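To keep things clear, I will list the structure first and then write my remarks on it.
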Amino acid sequence: MEYIFITLGLWLALILFWLVAGQVDSKSTLQSETFSFVKLIGSSLIVYLPLFFGGSFSVKLYENNSLLNAAGIFFAATGVYFAIWARVALGTNWSGKVMVQKEHSLVMAGPYSLVRHPIYFGGLLAILGSCLVLGQVFGFICLIFFVFGLAVKSRQEEAVLQKQFPNQYLSYSRTVKMLIPYVY
């Protein structure tokens, strides 16, 4: 059970960072930031629902063990770190909505040199870590939906960036994978 609290603590750290960063370097309104926060991070916590409801939602795929728990903590921590690193790298370019900010620049350094959507990658990795610790079918099913949903949102963002930075973005997208470093 303590491993579950560790993953929840990591999510809490991400949530607190996100709220502070939204106040410090965002050009968006607090309402936009809050809505984006709920969508991006809050919805990720849905994998913990079976802890409250039990029943068929909480069917276990496997019995928890130290190796899977350690892997889950590692993936969750790495994912949270990656999402924070990406948010810092974006700075004032970040927005809760798919849009180009005033004085927007195309960020291709730091985590953006490894994957075009590192915040989403970090979130997916943190969700995977949480799912490993929880070991429940429900979480892994949710993870599949998150992958598809973030792939769709990534395509929307890419259309906007392609329009804003036609030559730069085309070259960038040919060399850096979209959602999973070196894979996809």
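The values are calculated or read from the model by the stated rules, or taken from the named source; none is laboratory data. Keep in mind that what you see is a predicted model, and the values were worked out from it rather than measured. No Cβ is skipped: glycine too gets one built from the backbone with ideal geometry, and neighbour counts run over all protein chains shown.
Taking the criterion of being of a type in the set (Ser, Thr, Tyr), over 21 Å from residue 152 (Cβ atoms) and surrounded by 19 or more Cβ atoms within 10 Å (Cβ to Cβ), the only residue of segment 106-136 that qualifies is 130. Those helices (runs of 4 or more DSSP H) of segment 22-103 in which 3 or more residues are within 21 Å of residue 144 (Cα to Cα) and at pLDDT below 80 occupy 30-40. Suppose we filter 163, 153 for residues that are closer than 24 Å to residue 14 by Cβ, not aromatic (Phe, Trp, Tyr) and not in a loop (DSSP other than H, G, I, E, B); which single one remains? Of the residues listed, the single one that is closer than 24 Å to residue 14 by Cβ, not aromatic (Phe, Trp, Tyr) and not in a loop (DSSP other than H, G, I, E, B) is 153. Residue 177 meets the stated requirement of being basic (Lys, Arg), outside any helix (DSSP H, G or I), surrounded by fewer than 19 Cβ atoms within 10 Å (Cβ to Cβ) and out of contact with any Gly (no Cβ under 8 Å at 6 or more places or on another chain).
Does residue 87 qualify as being crowded, with 16+ Cβ neighbours inside 10 Å, closer than 30 Å to residue 52 by Cβ and in contact with a helix residue (DSSP H, G or I) (Cβ under 7 Å, 6 or more places away or on another chain)? Yes, satisfied. Residues of segment 126-184 that are in contact with a helix residue (DSSP H, G or I) (Cβ under 8 Å, 6 or more places away or on another chain) and of a type in the set (D, E, K, R): 153, 158.
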